[in-house]
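The structure appears below as structure tokens.
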Amino acid sequence: MSEAGRKRRAAIVDFLRTFATEHSYPPSFQEIRIGCGLRSTSGVGLHLRVLAKEGIGRHWLGRARTTILGDTVGQERANG
């Protein structure tokens, strides 16, 4: 994995945390794209798949606003 990719994923994780805290729901792919300065939503998907493989986040395919971070997965299970 490249250093640039790791930095982008770190920026995405920071954005996800900030957005979810401010809005109480996860951002859309488009909001992640704009907030992190990525060129396409397919790039967002690629980075989110890598984060999921690393156990840092999770996204349910085909469902909007379902990207969550690993540190919130346990909270979701406890509350749901």
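For the reader, a short list of remarks on this structure follows.
- The test for being open to solvent by less than 50 Å² (accessible area, probe 1.4 Å), of a type in the set (Gly, Ala, Ser) and at pLDDT below 95 does not hold for Gly62.
- Subset of the stretch 9-45 that is of a type in the set (D, E, K, R) and under 11 Å from the mean Cα position of the chain (by Cα) - its residue that is nearest to Ile56 (Cα to Cα): Arg9
- Residues (in contact with a Ser or Thr (Cβ under 9 Å, 6 or more places away or on another chain) and buried (at least 17 other Cβ atoms within 10 Å of the Cβ)) located in the stretch 18-34: Ala20, Pro26, Pro27, Phe29, Ile32, Arg33
- Against the test of being farther than 20 Å from Ser2 by Cα and of a type in the set (A, V, I, L, M), the options Leu51, Leu38, Leu16, Leu46 yield a single qualifying residue, Leu16.
The values are calculated or read from the model by the stated rules, or taken from the named source; none is laboratory data. This one's a predicted model, so the numbers in the text were calculated from it and none came from an experiment. Here Cβ is always computed from backbone atoms with ideal geometry, including for glycine, and neighbour counts include all displayed protein chains. Please note that ligands, DNA and RNA were not included when accessible areas were found on the heavy atoms of the full protein model with its side chains. Shrake-Rupley method; radii C 1.70, N 1.55, O 1.52, S 1.80 Å.
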